[in-house]
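Okay, structure first, notes after.
The values are calculated or read from the model by the stated rules, or taken from the named source; none is laboratory data. Everything numeric here is computed off the predicted structure, so don't read it as measured data. Positions of Cβ are generated from backbone atoms using ideal geometry, with glycine treated the same way; all protein chains shown enter the neighbour counts. Note: accessible area is taken over every heavy atom of the protein model, side chains too, but ligands, DNA and RNA are not part of it. Shrake-Rupley method; radii C 1.70, N 1.55, O 1.52, S 1.80 Å.
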Amino acid sequence: MNAVVSPVRVPLRQAWPPALVARYRAAGYWRGETFPGFLRERARQFADDVAVVGGGSRLTYAQLWQEAGRIGAGLLAAGLAPGDRVVVQLGNTVEFVSVVCGLFRAGLIPVYALPAHRLTEIAHVVRTAEASAYIAASAYEGFDYRTLARELQASIPGVRHVLIVGDAAEFLSVAGLAGPADALPPDPDPQSVAFLQLSGGSTGLSKLIPRTHDDYLYSFRASNAICGIGRDSVYLVALPAAHNFPMSSPGFFGALYAGARVVLSPGAGPDTAFPLIARERVTCVGLVPPLALLWAQAAASTPHDLSSLQVLQVGGAKLVPEAARRVIDGLDCQLQQVFGMAEGLVNYTRLHDAPECVLNTQGRPISPDDEVLVVDDHGHPVAPGEVGHLLTRGPYTIRGYHNDPGANARSFTEDGFYRTGDRVQQLPGGYLVVQGRAGDHINRAGEKISAEEIEDHLLAHASVFDAAVVSMPDPYLGERSCAFVITRGERPTAASLKAWVRSRGLAAFKVPDQVVFVDAFGTTAVGKVSRRELRAQLRARHIEQTGEPR
Ligand code: AMP
Ligand code: DBH
């Protein structure tokens with residue numbers, strides 16, 4: 001018999017204190033359900049109902065279950081073993097759902113990457129997750145992921161398996177996967193980690209977020225009740241499916257849990273989404289603020305019938321009251337604000353809330369057991385209604401990132417609260433108003449960009465002496481990124497610096513929107529100025545000098 005040596009990897013863990021585990025179970029939040037468990041159940045209950053629609057394909061619940069079994073068994077037959085981590089980089093296609101469900105059936109751990117990510121980001125995620133496989137589409141939005149796969153395998157030999165949706169070239173094709181169904185493992189422990197989600201990376205590189213079956217299923221099951229998702233709902237995935245928002249708030253997993261229909265839109269603009277809404281009679285969709293404004297504007301003159309739309313969710317970045325009003329005026333449906341994070345805590349305005357609440361707040365937590373603390377810089381609770389740092393813990397908020405002790409020391413308090421980095425005000429009834437954030441990231445239309453990460457890439461350029469990346473208010477994106485750069489030697493052009501960042505193997509959304517050359521950072525403060533203060537000063541001075549609207 002061949003001795004199969006299983007690799008020594010950092011174990012996947014997410015543990016709450018035993019007393020809380022007991023409490024979350026007793027309260028009925030954690031029900032011992034799992035991804036494969038609920039998918040099997042829906043396939044039985046709603047066998048012939050359409051589960052997923054995308055491109056030209058449609059899968060019923062029975063077919064989705066079967067496809068997942070074929071893919072899962074095929075991956076095991078190809079040499080993967082339960083527990084292996086698999087980086088999934090797929091766009092909004094039916095295969096996103098069938099592949100991820102296939103991984104769940106095989107006991108494999110999906111690690112979600114965005115289609116926009118490039119080699120540097122994927123390599124970081126593969127290394128941190130210690131992934132042994134990578135699954136991507138041959139091409140999506142004009143990019144060939146097989147090239148990325150080749151570079152990935154050349155730099156990280158641990159990536160032993162590459163699977164491609166579409167023309168697989170020298171790799172294995174997802175369509176060709178097959179294996180014996182009896183090799184599929186029994187359903188996992190509901191408290192075990194089901195997948196790794198990516199954080200937006202507020203400091204440095206993306207961190208990996210281990211979510212358990214119990215905690216994640218609770219978050220989208222409870223979201224269904226709050227968002228009015230039932231078996232008759234049709235949920236449109238307009239944002240990239242790998243984002244936590246369209247995945248779980250209530251997202252396509254919530255929709256599948258409810259026995260509803262999931263429609264995947266390859267693009268989020270009105271031109272792509274509106275015809276789909278009309279054709280599939282979509283009832284609910286989640287958008288980021290700039291898209292919601294675009295939709296509201298386009299709805300006025302569209303020939304497409306949007307009358308099926310009941311709930312338009314907006315989240316990922318702050319929707320200011322004036323914008324909320326325009327969205328409500330432009331689209332004849334209910335607006336729901338969503339303030340969430342892949343680490344856990346999700347807040348919603350409720351469908352029956354008064355208009356002032358929906359316009360002016362980012363909602364309140366899902367769970368009665370979501371603990372919310374609003375504290376000052378020293379960690380002391382602020383007076384009710386004052387602005388402070390948001391800390392949280394609860395039945396679906398993580399207690400730690402995967403394989404990152406440094407981030408864990410920074411991001412969690414000793415008693416297990418997650419430091420969200422957001423500054424909020426808590427109103428009576430627990431409603432939160434997001435008032436900015438403490439961290440140094442740019443929230444570019446819902447995509448979070450770490451200032452530090454981009455500064456590091458700029459500093460790698462021979463002509464860059466120093467760089468500080470900050471967010472600037474932007475009328476369309478909400479925030480855009482601006483790089484202040486001190487050069488040495490010959491000054492490169494702004495365009496060449498942007499091209500440089502791009503050439504470093506990064507997602508296009510991380511390329512600075514604006515480059516401002518300065519001779520010095522010229523801080524007036526005496527002594528040492530922190531990076532954070534420096535960024536704040538540069539930002540304030542630039543806004544003052546250019547008269548940028550706030
Ligand atoms: P991530 O941790 O990468 O999942 O990003 C979550 C972060 O997005 C939150 O901590 C907020 O900073 C931001 N965010 C999400 N939704 C909203 C919202 N409705 N309003 C303001 N900020 C938001
Ligand atoms: O921005 C986010 O990460 C987010 C927004 C809304 C999120 O993770 C969510 C809802 O679940």
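Odds and ends about this structure:
- Averaged over its residues, the range 200-296 has an accessible area of 21 Å² per residue, based on protein heavy atoms and a 1.4 Å probe.
- Using C-alpha pairs under 8 Å with a sequence gap of at least 6, the mean separation divided by the residue count of the chain gives a relative contact order of 12 percent.
- Contour excess over end-to-end distance, with Cα ends at LEU351 and GLU141 and 0.36 nm allotted per residue: 72.1 nm
- Of HIS378, HIS441, the residue with the largest accessible area leads and the full order is HIS378, HIS441 (1.4 Å probe).
- Accessible surface for the range 450-546, divided over its residues, is 49 Å² per residue with a 1.4 Å probe.
- Probe 1.4 Å, protein heavy atoms only - accessible area per residue of the range 1-106 in square angstrom: 45
- Net length gained if the chain between GLU414 and GLU371 were fully extended (0.36 nm per residue, minus Cα distance): 14.0 nm
- Taking the DSSP bridge list for the chain and keeping only pairs wholly inside it, about 55 percent are antiparallel.
- Computed lengthening from ASP271 to SER496, 0.36 nm per intervening residue step minus Cα-Cα distance: 77.7 nm
- Carbon + sulfur, % of accessible area of the chain - ligands and nucleic acids excluded, 1.4 Å: 53
- Modelled label positions at SER173 and ARG160, each set 7 Å beyond Cα in the direction of Cβ, lie 2.5 nm from each other.
- In this simple spin-label model, placing a label point 7 Å from the Cα along the Cα-to-Cβ direction at both LEU20 and ARG231 gives a separation of 3.6 nm.
- When you restrict to C-alpha pairs under 8 Å that are six or more residues apart and normalise by the size of the range 450-546, the relative contact order lands at 27 percent.
- Centroid-to-centroid separation of the range 265-306 and the range 16-82 [C-alpha atoms, Å]: 29
- A crude spin-label estimate for the pair ARG150 and ASP466, with each label 7 Å from Cα along the Cβ direction, gives 4.3 nm.
- Selection from LEU64, GLY406, ASN347, by position along the positive dipole direction of the chain (Cβ): GLY406
- Using the average count of surrounding beta-carbon atoms within 10 Å as a protection proxy, the listed peptides 321-332, 478-489 rank, highest first, as 478-489, 321-332.
- Counting only aspartates and glutamates at least 8 places from LYS318 when in the same chain, those with an alpha carbon closer than 20 Å to its own are ASP329, GLU343, ASP353, GLU356, GLU386, ASP422, ASP440, GLU447, ASP474, GLU479, ASP513, GLU548.
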